[in-house]
């Protein structure tokens, strides 16, 4: 099938690469000329394990193309995915300007029956807005477009950064929101290579599909915030949250996924989608108590390490230097959107401290966000961060941070103390070694 994808960000590139890998002919359209030029050179603008190889393999094979020409993209495919960004507005609602701009462009250029599929995360009712925008553009073309038909569907993505290729190729479910069974069957054909063993295709109405995406992310965010709140209780009453986690995770109704305590969630999805769902509920006249609490707990959890640091150093960290391991909001990505590391660094800087930072993938992204600063040093590796540092802060649980050489740490640091925001070290071992150690929800 010839398929066009508007948007060459995280979702658009993963979708395009994986569909092309199964033999579809994909054209990705993006307004960013630099990004398109980079992709044509075989370079990948984001880090996602395995994505660079897939992009190059399918581009070399003639199944994956990149362009800034919207008309060319619309001419290419009668199935068009919209996978552009929907960043939060000031009130937390999703900004649909990019989605509606694509819809308008589609209406200006289609010449045959076209299926427009919303893959961007959009509020309930957005498909109606897309349909209206396409139709308005068709109407503006007059008689030459009066016989052109189209349909709009919703196909939310459920990709985890760092695991997106596997999630796309082995999906838990593929949700299609549509008012036409014929449209659903065409979309089923798009995904058929991925559902040959297990048909996990779920067809529903469009508004339910739109809400399902927000509900899924809000549920996962709720598990994280709930466990972080339990961790704070455990620490206050002298319990060990890791034991609690094992105890409740063994219950099949709960499971172990998303109940690891830490310093809060970040990234492009959970923070944005929780805010958007809260906004959707508010506009419907509903006060979403649980969703609002999930957001509040997460915002507070991101300040946990700075509070522990200030307590340890008796409120004075001016002039001190902190080694920071981890910048991305999670391992296997370079994404620093809403990352807890940003809150930690900014809190330290506000108190006059300096940061020596290292992350296996997010160094360039950190430089893009913060640039060159006198109170921020970009280190070449994890050990370089430790030289002369007054404390080590672990914010992202990259595998290379899991084993620490205590003798090396003692030799390199001015005062060995560890603030572990992901509970990757053993408190008992640290106690035996005489190293001050602070974690989340453990004595």
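For the list (1) within 24 Å of the chain's Cα centre (by Cα); (2) surrounded by 16 or more Cβ atoms within 10 Å (Cβ to Cβ); (3) part of a loop (DSSP other than H, G, I, E, B), I need the number of the one condition that residue 257 fails.
It fails just one condition, (2).
Tell me, please, whether a residue that is more than 17 Å from residue 438 (Cβ to Cβ) and either at pLDDT below 95 or not in a loop (DSSP other than H, G, I, E, B) (or both) can be found in segment 306-316.
The answer is no, given that none of the residues of segment 306-316 is more than 17 Å from residue 438 (Cβ to Cβ) and either at pLDDT below 95 or not in a loop (DSSP other than H, G, I, E, B) (or both).
Counting just the residues of segment 79-95 that are in a loop (DSSP other than H, G, I, E, B) and at pLDDT 95 or above, which one comes out surrounded by the most Cβ atoms within 10 Å (Cβ to Cβ)?
Filtering segment 79-95 down to residues in a loop (DSSP other than H, G, I, E, B) leaves 83-87, 89-93, 95.
Checking which are at pLDDT 95 or above leaves us with 83-84.
Details: 83: 28, 84: 25.
Among them, the one singled out is 83.
Can you work out which of the residues in segment 111-147 that are assigned to a loop (DSSP other than H, G, I, E, B) and in contact with a strand residue (DSSP E or B) (Cβ under 8 Å, 6 or more places away or on another chain) is nearest to residue 2 (Cα to Cα)?
Looking only at segment 111-147, we keep the residues that are assigned to a loop (DSSP other than H, G, I, E, B), and these are 111-113, 119-125, 141, 146-147.
If we keep only those that are in contact with a strand residue (DSSP E or B) (Cβ under 8 Å, 6 or more places away or on another chain) as well, we get 113, 119-123.
Working: 113: 14, 119: 17, 120: 20, 121: 23, 122: 25, 123: 28 Å.
For segment 111-147, the residue satisfying everything is 113.
Report yes if residue 151 is over 23 Å from the mean Cα position of the chain (by Cα), farther than 17 Å from residue 19 by Cα and part of a loop (DSSP other than H, G, I, E, B), otherwise no. Steps first, please.
Details: over 23 Å from the mean Cα position of the chain (by Cα): yes; farther than 17 Å from residue 19 by Cα: yes; part of a loop (DSSP other than H, G, I, E, B): no.
It is false that residue 151 is over 23 Å from the mean Cα position of the chain (by Cα), farther than 17 Å from residue 19 by Cα and part of a loop (DSSP other than H, G, I, E, B).
When the residues of segment 154-201 are filtered to those that are without any contact (Cβ under 8 Å) to a residue 12 or more places away in the chain and not in a helix (DSSP H, G or I), which remaining residue is nearest to residue 329 (Cα to Cα)?
That would be 160.
Residues that are touching a strand residue (DSSP E or B) at 6+ places or on another chain (Cβ under 8 Å), under 22 Å from residue 361 (Cα atoms) and either part of a loop (DSSP other than H, G, I, E, B) or at pLDDT 95 or above (or both): does segment 18-33 have at least one? Show your work before the answer.
Initial filter on segment 18-33 (touching a strand residue (DSSP E or B) at 6+ places or on another chain (Cβ under 8 Å)): 19-20, 24-30.
Next, from what is left, pick out any that are under 22 Å from residue 361 (Cα atoms): none.
No, segment 18-33 contains no residue that is touching a strand residue (DSSP E or B) at 6+ places or on another chain (Cβ under 8 Å), under 22 Å from residue 361 (Cα atoms) and either part of a loop (DSSP other than H, G, I, E, B) or at pLDDT 95 or above (or both).
Going through segment 388-403 one residue at a time, which ones are assigned to a loop (DSSP other than H, G, I, E, B), in contact with a helix residue (DSSP H, G or I) (Cβ under 9 Å, 6 or more places away or on another chain) and within 21 Å of residue 428 (Cα to Cα)? Reasoning before the result, please.
Here is the first cut: in segment 388-403, the ones assigned to a loop (DSSP other than H, G, I, E, B) are 388-390, 395-398, 402-403.
With the extra rule that they be in contact with a helix residue (DSSP H, G or I) (Cβ under 9 Å, 6 or more places away or on another chain), the set shrinks to 388-389, 395-396, 398.
Answer for segment 388-403, where residues must be assigned to a loop (DSSP other than H, G, I, E, B), in contact with a helix residue (DSSP H, G or I) (Cβ under 9 Å, 6 or more places away or on another chain) and within 21 Å of residue 428 (Cα to Cα): just 395.
In the list 127, 140, which residue meets the criterion of being more than 18 Å from residue 200 (Cα to Cα) and surrounded by fewer than 17 Cβ atoms within 10 Å (Cβ to Cβ)? First the steps, then the outcome.
Numbers: 127 fails: surrounded by fewer than 17 Cβ atoms within 10 Å (Cβ to Cβ).
Every option except 140 fails the conditions.
Does residue 342 meet the test of being out of contact with any strand residue (DSSP E or B) (no Cβ under 7 Å at 6 or more places or on another chain) and either assigned to a strand (DSSP E or B) or closer than 23 Å to residue 308 by Cβ (or both)? So that I can check it myself, show each step before the final result.
Working: out of contact with any strand residue (DSSP E or B) (no Cβ under 7 Å at 6 or more places or on another chain): yes; either assigned to a strand (DSSP E or B) or closer than 23 Å to residue 308 by Cβ (or both): yes.
Considered against the rule, which asks whether it is out of contact with any strand residue (DSSP E or B) (no Cβ under 7 Å at 6 or more places or on another chain) and either assigned to a strand (DSSP E or B) or closer than 23 Å to residue 308 by Cβ (or both), residue 342 comes out as yes.
Go through (1) under 23 Å from the mean Cα position of the chain (by Cα); (2) surrounded by 15 or more Cβ atoms within 10 Å (Cβ to Cβ); (3) under 27 Å from residue 289 (Cβ atoms) for residue 219 and report which single condition fails.
Of the numbered conditions (1) under 23 Å from the mean Cα position of the chain (by Cα); (2) surrounded by 15 or more Cβ atoms within 10 Å (Cβ to Cβ); (3) under 27 Å from residue 289 (Cβ atoms), the odd one out for residue 219 is (2).
Among the residues of segment 38-45, is any under 25 Å from residue 332 (Cβ atoms) and in a helix (DSSP H, G or I)?
Here is the first cut: in segment 38-45, the residues under 25 Å from residue 332 (Cβ atoms) are 38-39, 41-45.
Pick out the ones that are also in a helix (DSSP H, G or I) and you get 38-39.
Checking segment 38-45: at least one residue is under 25 Å from residue 332 (Cβ atoms) and in a helix (DSSP H, G or I).
Here is a list of conditions, (1) under 23 Å from residue 438 (Cβ atoms); (2) in contact (Cβ under 8 Å) with a residue 40 or more places away in the chain, and residue 375 meets all of them except one; can you say which number that is?
(2)
Applying the selection to segment 240-253, what residues are touching a helix residue (DSSP H, G or I) at 6+ places or on another chain (Cβ under 8 Å) and either farther than 16 Å from residue 421 by Cβ or without any contact (Cβ under 8 Å) to a residue 12 or more places away in the chain (or both)? If you could, list the steps in order and put the result at the bottom.
Within segment 240-253, the subset touching a helix residue (DSSP H, G or I) at 6+ places or on another chain (Cβ under 8 Å) is 240-241, 244-245.
Passing the criteria: 240, 244.
Among (1) within 25 Å of the chain's Cα centre (by Cα); (2) over 30 Å from residue 272 (Cα atoms); (3) buried (at least 24 other Cβ atoms within 10 Å of the Cβ), which single condition is residue 382 missing?
Going through (1) within 25 Å of the chain's Cα centre (by Cα); (2) over 30 Å from residue 272 (Cα atoms); (3) buried (at least 24 other Cβ atoms within 10 Å of the Cβ) one by one, residue 382 breaks only (3).
The values are calculated or read from the model by the stated rules, or taken from the named source; none is laboratory data. Owing to the predicted nature of the structure, the values given are computational and were not obtained by experimental measurement. So basically every Cβ, Gly included, is an ideal-geometry build from the backbone, and we count neighbours across all protein chains shown.
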